1. Name the residues whose placed amide hydrogens come within less than 5 Å of the amide hydrogen of Ser97, ignoring near sequence neighbours (fewer than 5 apart) on the same chain.
2. Mind listing the long-range amide H neighbours of Ala140? Cut-off is under 5 Å, sequence gap 5 or more, other chains count too, H placed in the peptide plane at 1.01 Å from N.
3. His46's amide H: which non-local residues (gap 5+, or another chain) put their own amide H closer than 5 Å, with H modeled 1.01 Å from N in plane and none for Pro or chain starts?
4. Residue by residue through segment 66-79, which ³J(HN,Hα) values in whole Hz follow from phi under the Karplus form 6.51 cos²θ - 1.76 cosθ + 1.60 (θ = phi - 60°), with glycine and proline marked x?
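No value in this document is a laboratory result; all are computed from the given coordinates. All figures in this text were calculated on a predicted structure; none of them were measured in a lab.
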Amino acid sequence: MLKATLKIYDRYNIEDRKRNAELAKKTLEQIYREYLERLFTAACRHRFDIWDFAQKFASSDFSLSLDRPEELLKMEPDELFRDFMIRCAADGTEIESVADKKGGMSAFRVISPEGAWLAGLYSKWHAKTGEAICEIAERAPASLLKRIHRKAMTHPAAEIIELLLENSAAEALITSKDYDLLEAKARQSGEAS
């Protein structure tokens, strides 16, 4: 009996070592982004509105676990969604769902482009400023990001973050004039190289 228990323990110990070796090869920003992408993919699979889900997650105290590296590295990405949904059920938090546009689960097996953009934006912002995801959601609420995402997705996240950092959330509705400035910068950097 003891030998069987030790064999099981050794197998899990090997899995832990493999996971730790994989994590050691990545930057904290990459790990953070992967966790958010897996979280948003699970939200898509469960047909939640990605914008509502992102705002509720970012506004929750549960999101603080992603902001502390020691907690982030202990957590399994797949458990993150489950634990958050348990917390939502306990708190009575409801998340909007979306109608099935394409039909079938194949439409929800991968992250939506919006979810990938949000994960990238949040992870780059967090890496740049060190702000917690709840602070980022305060400065750039998901409702604002939803309004600007179509044009913003065509520009590098770093440029969008700069525009959002320069303005308060109330003023940060990026206008076409702002996009013209971004495109002019892109043309100038393209001509310079």
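1. Those lying under 5 Å, H to H, from Ser97 are Asp49.
2. Here nothing satisfies the definition.
3. Long-range HN contacts for His46: none found.
4. Couplings: 6, 8, 9, x, 5, 6, 4, 6, 7, 7, 8, x, 6, 6 Hz.
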